[in-house]
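Please treat every number below as a calculation from the coordinates, not as lab data. The shown structure was predicted, so the numbers you read here are calculated from the model rather than taken from an experiment. Cβ sites come from the backbone with ideal geometry, for glycine too, and all protein chains shown count toward neighbours.
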Amino acid sequence: MNLWKILGGVLGGALILAIGLLIGHFGISKSPSWVSDLSQDVDEKFIKEFMKEVDNKRIRENLRELSKSPHLATSKGDEETVKLILDRWRDKKSGLDEAKEERYHVYLSFPNADKPNNVQVVSQSGIKQLETDHTEKNLTDDQKDPEVVKPYAAYAPSGNPKGKLVYAYQGKMSDFDTLNKTIDLRGTIAIVRYGGAGRSAKAINAAKFGVIGLIVYTDPKDINDGNAAESQTYPHSWYMPPSGVERGAYVEDFGDLLTPYYPAKEFSYRINESDIGGLPPIPTQPIGFGDAEKLICQLGGQEADSSWQGGLSCKYNIGPGFREGTYSGSDVVVNVYNHAEVKSSANVMGIIRGSVEPDRYIMYGNHRDSWVHGAIDPSSGTAVMLEITRVLGTKVKQGKWRPRRTIIFGSWGAEEFGLIGSTEFAEDYYSKLRDRTAAYINVDISVFANATLRAQGTPPVQNVIFTAAKQVATPVSSSLSVYDNWIRYFNRTSSIYNGLIPQLGTLGAGSDYAPFIHYLGITSMDLAYTYDRSKTSARIYPAYHTAFDTFDYTDKHIDPGFTSHQAVARTAGNVLIRLADSLILPLGPRDYTETLENFYNTAEREFTTQLSAKNITLEPLKNAVARYKKFSEELVKTISELKKGEETPLRIRMINDQLMLVERAFINHLAFPDKLYYSHVIWASRSSGYATFPGIADAYAKAISTGLKEDWDHVHHHITVATTAVDNAASTLETAASL
C-alpha cells in the first residue's frame, strides 16, 4: 500500500469519526454508557483496602534489606540496590507494568581511600600533636564495614593549608564580619558549626575574608540537646556519639554540575570544571564533636559571645591560635585528598499505566543513594515506597485495579551529591513532564521520629493531604487520626477553611521535589513523620549522614515497631490513589489565595513608602491577586455544581488540565538569571528577610542598601514579573471556571 492510500485511509477514518461524534452530540439526548464508564470517581472502598494491606512488618524487612550495606552513589552497594528495586518492580505477582533503569554520566566527588582526610595540630617545630579520627568509632558491626566512606566534604578541593585556628560560629557572612573587626583572618584556619548557612556557603564566606582552610563539626547543643558524653549517646539513645561526622555535598546548585539544563548523557556537552560555581574555594573537612572539643577547648583569644557558645565542656574562645598549654604556638593543618570524576548513576523507574488518561502522570519518588548505610536517609522512604508498590502492584497483577492516570515511581540516583538523578530526569523529559504531570509526591526520610506528620508542599495539595490524613489512624491510638494529631503540633488559622488547620510547610531545595517544583512548575509535596519540637531542639535527627544511621539505630530509637513508617505509607498511598483515580483532580487552586494575599500585604506594608517615593506602584499586583481570588472561587463553584455522571469526559479533562497547569503559570525561566533552575515566581529562593514574592523582596533589599536608580528599576521589573505570573494563573483559572 502506498503513502497516498495510507493518507487517504487516515483522512477517511477521521471524517467518519467526526460524523459519528456530531451524530452522537446532536442525536443522542442521553449520554452513552461509555461516558459513565469514563466518569468513575475514586473508589473509597479501594483506598480502605489499600491502607489495611500496608504492612509495618514488611516495611521493617524492606529497611533491613536496603540498609544492610553502605550504598554511596555509584558504589557496589548502590548497584546492588538498583537490582533489588528492579527485581521488586518486575515481580510477576506484585510488580508494576514496567520497570527500567535510566543512566546518566554525572560529576561526583570522592575522598582518597588510601589517604584519609584529617585535621592535624602541628607544633612550630613540625611535630604532629594531634590527628583527628579518620572515621567513626566502631560501636556496632555496621561501622566496621570496609565500604563505609571516610568522612569528607564532597566537592571540596584537595590541599593541605596550615594556619592559626579561629572559631567562627556558623560560618555566616555576619560571623566572619564580626571576627574580622578584631582579628586579621588572612591565612587562618576556621572551625565552624553546622547550621545557620549552607555547607558550601560556609567555605565561600570564609574565603572572602582570607581564610585558607575550613573545619566543620556538629555541636551537641544543636543536635543532642546538649548531651555529649558517650553514655548519653548512641547506642544508649538516639543522640549522635562524639565520633559522629556529618558528611555532605558542599554545593550551592543542584543537578549535574557539568551539564546545567541538559541531561548528563555520554554525548552531552560539558562545561569546564573551572566554570562550576558555588563550590568551596578552600580545602574543607568535617569532623566529630569529640575531635572538635580538643580544638575549641584549647583556643585562646577573647571569649566568644554568649550566642556563640555551645555544648562542649568549655567556654568557647575565638582565637586566633591556642592558649598557653599543650598546643601553645601550634598551627592547624587541614588535609584534604578529594578527587572528582564522571561516573554512571542510575535512576530506577517504575510505571503503572493509566486506564482512562494514560498521558496524565502522577509521580512518586525518593532517592536511593546514601552516605553510608542510610537507614533513615533515604531508605526509610524507599522502604515505604516498596510497600506501596507491592500492594498496588499486586492489585494490578490480579486485575483488581488500574488507576485512571499513569503513576510513575522514581528511585533517584546521586541525590546526596545535589539532587542529581531527579534533576537529570527533569531535564531529559522536560517537555513531556511539563505538559503531562499533574503532581509529584516525595517521601525521602519518611520517619525522622514518631510524634507527628510533617507535610510540605505548594498550596493546591493542602486539601488532598488533609483528606488522607483524616482517614489514617496514628500509631498511638486507633481513635486519633493523623490529621487530629498533626494539628496539635503544627497549625495555623485559615480564612478559607474558617478556622484552625494543620500548617503546611513550604518547599525549599532539600530533596528531589526541587527540580519538579522550581524548574518544571509541577505541584509538589513532601511527607514524613517527625519529632515533637517541644521536647528536642535537634535541627534534624542526630545520626544524620553519619555511619550510625543504621537499621539498628532506626529499629531501637526512631520507630520501634515501624508503625510510624506504616502511617506515612498509608497517608502517602492514600494521597497517591486520590491523585491518580479521582475524576476531578483533588488540587485546590483557591488555597493559593491566602499565600498571594499574605505576600501582597507584606509587600504593601513594608515597601509602599519607599516605592511611592520612587513613583513605583504595587496596584497592578494587587489587582492581579484580586483576579486570582475571583476566578479561583468561580472554579470551585463550577466544580461543585458538576453532575459527574452526566458530564462529558472532554469537559472533565479540560477542567483537570487547568488544575494541573495553574502551577505552571508561576514559572518564568527568565525571572532569576543568577539562580540556576529557580523559575517559580512564588517559591524561588530569597536572601532577604521579607516574607513576600522573592524577586521583589531581594530587589527591594538591594535597592534600599545601594540607593541606585538601576536597583530601583530592578524592583519595578520584579513587580512586573510577579504581576504577570499571578495574572497568568488567574487567566488559567478563568478558562476552567468558564467551561
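The GluC sites (Glu not before Pro) of the stretch 324-416 that DSSP puts in a loop, and whose beta carbon has at most 15 other beta carbons within 10 Å, are E324.
With Cα atoms defining each centre, the stretch 526-601 and the stretch 369-395 are spaced 14 Å apart in the structure.
Filter the trypsin sites (Lys or Arg not before Pro) in the stretch 644-731 to those in DSSP coil with at most 15 other Cβ atoms within 10 Å of their Cβ, and list the result.
Details: sites: K644, R651, R653, R664, K675, R686, K702, K709; in loops: K644, K675, R686.
Loop-located and lightly packed - K644.
For the stretch 271-295, the residues whose backbone nitrogen is under 18 Å from a point 7 Å from the Cα of R323, taken along Cα to Cβ, are 292-295. Residue separation of Q398 and D55 scaled by 0.36 nm, minus their Cα-Cα distance, works out to 121.6 nm of gained length.
Placing a label point 7 Å from the Cα of M173 along the Cα-to-Cβ direction, the residues of the stretch 699-739 with a backbone N closer than 19 Å are 699-712, 714-715. Using a 7 Å offset from Cα along Cα-Cβ at K128, what residues in the stretch 153-171 end up with backbone N under 18 Å from the label point? Taking a point 7 Å out along Cα→Cβ of K128, the residues of the stretch 153-171 whose backbone N falls under 18 Å are 159-163. Dipole orientation for the stretch 367-509: of the candidates F490, A468, S446, A468 has the Cα lying most toward the positive pole (charges on Cβ; Lys, Arg +1; Asp, Glu -1).
Here the Karplus curve 6.51 cos²θ - 1.76 cosθ + 1.60, taken at θ = phi - 60°, turns the phi angles of the stretch 678-694 into couplings of 6, 10, 7, 5, 8, 10, 4, 5, 9, 9, 7, x, 8, 7, 8, 3, x Hz, with x standing for Gly and Pro. Overall form of the stretch 423-564: oblate. Here a/c, set by the Cα gyration tensor axes a ≥ b ≥ c, is 1.5 or more, and a/b is not larger than b/c. Between the Cα long axis of helix 462-471 and the first principal axis of the chain there is an angle of about 90°, rounded to the nearest 10. Within the shell defined by Cβ-Cβ distances under 12 Å, the residues around T140 carry a net charge of -4, with Lys and Arg each +1 and Asp and Glu each -1. A Förster radius of 25 Å combined with the Cβ-Cβ distance from E303 to R186 puts the calculated FRET efficiency at roughly 0.65.
Which of the aspartates and glutamates could be linked to K208 by a straight reach, that is with a Cα gap under 18 Å, when you skip same-chain ones fewer than 8 residues away? Result set, ordered by chain and number: D175, D177, D184, E252.
Hey, got the dipole for the chain? About the Cα centre, +1 on K and R Cβ, -1 on D and E Cβ, debye to the nearest 20? Write out the running numbers ahead of the final one.
On the way: 80 positive and 88 negative charges, 274 e Å.
With Lys and Arg at +1 and Asp and Glu at -1, about 1320 debye.
Let me know the charge dipole size of the stretch 318-390 about its Cα centre in debye, to the nearest 20, where only the beta-carbon of Lys, Arg (+1) and Asp, Glu (-1) is charged. Each step should come with its number before you reach the end.
Values: 6 positive and 8 negative charges, 50 e Å.
Dipole magnitude for the stretch 318-390 comes out near 240 debye.
Looking at the stretch 538-617, which GluC sites (Glu not before Pro) are in a loop (DSSP not H, G, I, E or B) and have at most 15 other Cβ atoms within 10 Å? Display every interim value, and only then the final one.
Details: sites: E594, E597, E604, E606; in loops: none.
Answer by residue number: there is no such site.
Using just the helices of the chain, give the 222 nm mean residue ellipticity in deg cm²/dmol: DSSP H runs with n ≥ 4 each add -39,500 (n - 2.57), and the total is spread over all residues, rounded to 500.
Numbers: 20 runs with 267 residues, N = 739.
Helices in the chain give a 222 nm mean residue ellipticity of -11500 deg cm²/dmol.
Each of L130, N160, L386 was placed along the dipole of the chain (beta-carbon charges, centred on the mean Cα), and the one lying farthest toward the positive end is L386. Shown in residue order for the stretch 45-57 are the 3J(HN,Hα) couplings computed by the Karplus curve 6.51 cos²θ - 1.76 cosθ + 1.60 at θ = phi - 60°: 5, 5, 4, 4, 5, 4, 5, 5, 7, 5, 10, 5, 5 Hz (x for Gly and Pro). Ignoring lysines fewer than eight residues from K76 along the same chain, the ones with Cα atoms less than 17 angstrom from its Cα are K68, K144, K150, K343.
Packing around the peptides 281-289, 118-126, taken as the average count of other Cβ atoms within 10 Å per residue, puts them in this order, highest first: 281-289, 118-126. Phi angles of the stretch 480-491 translate, via the Karplus equation with coefficients 6.51, -1.76, 1.60 and θ = phi - 60°, into HN-Hα couplings of 10, 7, 4, 4, 5, 6, 4, 5, 6, 9, 10, 8 Hz per residue; Gly and Pro are given as x.
Taking 21 Å as the limit for the C-alpha separation, the pairs K100/K397; K470/K630; K45/K470; K294/K315; K294/K535 exceed it in the case of K470/K630; K294/K535. (i) 71.1; (ii) 36.3; (iii) 59.7: which one is mean projected area of the Cα convex hull in nm² as calculated from this entry? This structure yields the entry labelled (ii).
Please state the shape class of the stretch 389-468: rounded when a/c is under 1.5, otherwise prolate if a/b exceeds b/c and oblate if not, all from the C-alpha gyration tensor. Rounded is the answer for the stretch 389-468, as its axis ratio a/c remains below 1.5. For the chain, the residue among A455, Q40, A671 whose Cα projects farthest onto the positive side of the dipole built from Cβ charges is Q40.
Spin-label pair S268-K432: with each label point 7 Å from Cα along the Cα-Cβ axis, the two points sit 1.6 nm from one another.
Give, rounded to the nearest 20 debye, the magnitude of the charge dipole that the stretch 134-257 has about its Cα centre when Lys and Arg contribute +1 at Cβ and Asp and Glu contribute -1 at Cβ.
On the way: 14 positive and 16 negative charges, 136 e Å.
The dipole magnitude comes to about 660 debye.
Between helix 592-613 and the chain there is an angle of about 60 degrees, using the helix long axis and the longest principal axis of the Cα atoms.
What does the charge count around E53 come to, taking other residues whose C-beta lies under 11 Å from its C-beta (Lys +1, Arg +1, Asp -1, Glu -1)? So the surrounding residues net to +3.
One decimal place: the segment T617-R653 gains 9.1 nm when fully extended, by the rule 0.36 nm per residue minus the C-alpha distance. Please say if the stretch 155-287 is rounded, prolate or oblate, where rounded means a/c under 1.5 for a ≥ b ≥ c the square roots of the C-alpha gyration tensor eigenvalues, and otherwise the choice is prolate for a/b larger than b/c and oblate otherwise? Cα axes put the stretch 155-287 in the oblate bin.
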